[in-house]
Each structure stands twice: as structure tokens, then as C-alpha cells.
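S.K.: Here's a structure for you.
All of the numbers you see were taken from the coordinates with simple rules; none came from a lab. Fair warning: this is a prediction, and the values are worked out from it, not measured in the lab. Cβ atoms come from the backbone with ideal geometry, glycine included; neighbour counts cover every protein chain shown.
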Amino acid sequence: MLRWLFGPQSARTGRAGERKAAALLKKQGYRIVERNWRSPMGEVDIIAVEDGCLVFIEVKTRSSPAFGDPSEAVGPDKRRKIIQSALWYANRHRMADTPIRFDIVSVYRTGRKYHVEILRNAFEAP
């Protein structure tokens, strides 16, 4: 079936993409406070602070552009879960008055090379 799509190689590619994303985010001035953080609503790949803003970041990695832009894989359901998780996190950590932003990091892997792109303000809470 689609086992090859979600197998161990895909998981390794995803973890490598998250490491590359975290490295670029740090280089760009983000201060990472959480990685692979889980709430009752779901997981957030990276939570960071940039310029006084609490940023919730979804990382999507693809091994080929043939599967489309990685950011397109963050659909309405995933966005809703990230938003709910963000609100839960902000309330739990007494940061409800802190501005919140949602970014997506797209990672393409071609052989051993990675191309990483940050999409700031990728979506907003309703």
C-alpha cells in the first residue's frame, strides 16, 4: 500500500528536515524554546520566540519537489490543531498577552543537500 510513503526513511527525512529548520531559525534570530511539543490537541514541531512574538512552527520536509510545495501539506485540520495547541500553550505558560504567530518551514532534500525556506505569518488564528 502506501507503507513506503510513511516508513522509516520518511521519518528519518522528517527528523533531518526539522534539524535543518531549527538551525536556520536560530541563525535568523529565533530562540527555540520547545521542539516536538505535545498538547492534548496535537504536536507542534517547534515553538520559538522572535522579536517578542511567540512563534508556532510547522516543519514540512519533502525529498522531491514532485510532491508539491511542503507548505501546501499544512491543511485546515492541521492548522486548527496548531492554533488550538498554541492557545493552550500560551494560557498554560501565562503568555496569553504575548503576540502569537504561525510560521511554516519548507524543507526540500535533494541527495545530501537541503533547501530551507521560512514562511512567516503562514496563517492566522480566526
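S.K.: Leaving out same-chain residues fewer than 8 places away, which lysines sit with a Cα under 20 Å from that of Lys20?
M.R.: Within the straight-line cut-off, Lys20 pairs with Lys60, Lys113.
S.K.: Also: Given +1 on the Cβ of Lys and Arg, -1 on the Cβ of Asp and Glu, and no further charges, what dipole in debye does the chain carry about its Cα centre, rounded to the nearest 20?
M.R.: On the way: 23 positive and 14 negative charges, 122 e Å.
Using only the charged Cβ atoms, the result is roughly 580 debye.
S.K.: Could you compute the net charge surrounding Asp103? Neighbours are other residues with a C-beta less than 13 Å from the C-beta of Asp103; K and R count +1, D and E count -1. Each step should come with its number before you reach the end.
M.R.: Values: positive: Lys60, Arg79, Arg101, Arg120; negative: Asp45, Glu50, Asp51, Glu58, Glu117, Glu124.
Within the 13 Å Cβ shell, the charges total -2.
S.K.: Does anyone have the angle between helix 8-27 and the longest principal axis of the chain? Alpha-carbon axes, 0 to 90°, nearest 10?
M.R.: Relative to the chain, helix 8-27 is tipped by roughly 50 degrees.
S.K.: A further question follows. Going highest first, how would you order 87-95, 99-107 by mean Cβ packing within 10 Å? Walk me through the numbers before you get to the answer.
M.R.: Working: 87-95: 13.8, 99-107: 21.1.
Descending mean neighbour count gives 99-107, 87-95.
S.K.: Along the Cα→Cβ direction, 7 angstrom out, place labels at Asn36 and Arg112. What is the inter-label distance in nm?
M.R.: Label at Asn36, label at Arg112, 2.5 nm between them.
S.K.: Using Cα centres only, tell me the gap between segment 59-99 and segment 14-47 in whole Å.
M.R.: 11 Å
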